[in-house]
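Heads up: the structure comes next, in structure tokens.
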Amino acid sequence: MRKFSPGFTSMRIKAVTAAGLMAAMLLLQSAPVAAQGIKVSVGRTIGGSGFHIPSYVAMDKGLFKAEGFDAEFIGATGGVLVRAAIAREIEFVPIPGGGSEAMLKGAPLVFVAGESLISQWTLTTTPEIKRVEDLKGKTLGMGRPGSADYSEVVVTLGKFFKMQPGKDYKVISFTAETDRIPALINRSIQGAVLSFPHAARAEKEGMKILVRTGDYIPRLGGTFLTHKDMIREKRDMVKRFIRAMAKAADYIKNDKKGTLEVIEKYFEIKDAGIVEGIYKQVWDKFGAEIPPDLLRELFESRTTLELGWPAGKPLPDIEQFVARDLLNEVFKEMGRKVSK
């Protein structure tokens, strides 16, 4: 057997080790991004929300994964999610109402991708309520003050029906929409703010949709925001996220069966008729774009006395609150129409 000097053996082992390390590095560099699994956290409200169906689709149908993400949902109330985005504890948060209010107060946040292009909130009531005026002296179930559902219904009732919370009707706060339906059924409350999917479930139980806020307030729903530093530090990651959301809106339009599966899962609805009804309401109402006119209407809806905005104070330039150049860059790369 051929013998080698200790020095030669040591050098040979080092050479082999170095070669192995180099090969491993080359393999890592050439591996697809999806295999690396970019960790990303995506906010979602407690209980399913019709505004957030595209993000559910992106998660469950592999669209986040296709963009190289190892994504996870973080569930919390809207206010908690906005604060987490400010603290950079969650990368992407779908809370346009609370987010826009925070931006107007100086929070370092910016919108990056849309979801719903219509308001999906309803004021759903017990069957004996025939008109809005019948709610005087009654109790309504809503989210916390400042949440999107609370703000939109309070603004709608105040602006169009001259009814104010505390004066004309009482309010009980519920964290989750799912808790409001049993309260309606047992008559603990006479009205509840519910998004389309939950309103459909309540209708199945004999309740009635009295008001659709979308008939009164144009609305961006579920629009995703992120910390401004993300645009500078992780531009490519934000672009991947926008692309996933654009593809999710396409998926909803083009794959009914897969979308029905997602709706059934996230809203825990087994009744095929209800699931089908939800899909018919929203299938073509989603898009990653953030139309400038709807963006303005979103911010204008925050400038009310009910939400503490000083009378007569003008809005600042709201385009500073959306990553328009980045959004248009992604759309251009995808061959889509861009917003000016």
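A few remarks follow.
- Residues in region 47-82 that are out of contact with any Phe, Trp or Tyr (no Cβ under 9 Å at 6 or more places or on another chain) and farther than 25 Å from L194 by Cβ: G62, K65, A66, G68, E72.
- Candidate set: region 107-165, residues that are assigned to a loop (DSSP other than H, G, I, E, B), within 14 Å of I189 (Cβ to Cβ) and touching a Phe, Trp or Tyr at 6+ places or on another chain (Cβ under 8 Å); chosen: the one least open to solvent (accessible area, probe 1.4 Å): G143
- Which numbered condition I172 fails, given (1) assigned to a loop (DSSP other than H, G, I, E, B); (2) surrounded by fewer than 15 Cβ atoms within 10 Å (Cβ to Cβ); (3) in contact with a strand residue (DSSP E or B) (Cβ under 6 Å, 6 or more places away or on another chain): (1)
- Complete set of residues in region 75-90 that are in a loop (DSSP other than H, G, I, E, B) and open to solvent by 20 Å² or more (accessible area, probe 1.4 Å): T77, A87, R88, E89
- Whenever a residue of region 116-135 is under 20 Å from Y279 (Cα atoms), its partners that are of a type in the set (S, T, Y) and part of a helix (DSSP H, G or I), lying with C-beta atoms within less than 9 angstrom and at least six residues away or across chains, give the pairs S119/T213; Q120/T213; W121/T156; W121/T213; T122/T213; L123/T156; L123/T213.
- The set of residues in region 239-273 that are modelled with pLDDT under 95 and touching a Phe, Trp or Tyr at 6+ places or on another chain (Cβ under 6 Å) contains only Y266.
- Among (1) of a type outside the set (K, R); (2) more than 14 Å from V238 (Cα to Cα); (3) buried (at least 21 other Cβ atoms within 10 Å of the Cβ), the one test that V42 misses: (2)
- Given (1) free of Cβ contacts under 8 Å to residues at least 60 places away in the same chain; (2) buried (at least 16 other Cβ atoms within 10 Å of the Cβ); (3) not in a helix (DSSP H, G or I); (4) not hydrophobic (A, V, I, L, M, F, W, C), index of the condition D250 fails: (3)
- Candidate set from region 274-315 (those that are of a type in the set (K, R) and in a helix (DSSP H, G or I)); member that is least open to solvent (accessible area, probe 1.4 Å): R296
The values are calculated or read from the model by the stated rules, or taken from the named source; none is laboratory data. Because the structure is a prediction, the values reported are computed rather than measured. Neighbour counts are summed over all protein chains in view; Cβ atoms, including those assigned to glycine, are modelled from backbone coordinates with ideal geometry. For accessibility, only protein heavy atoms count, side chains too; no ligands or nucleic acids. Shrake-Rupley method; radii C 1.70, N 1.55, O 1.52, S 1.80 Å.
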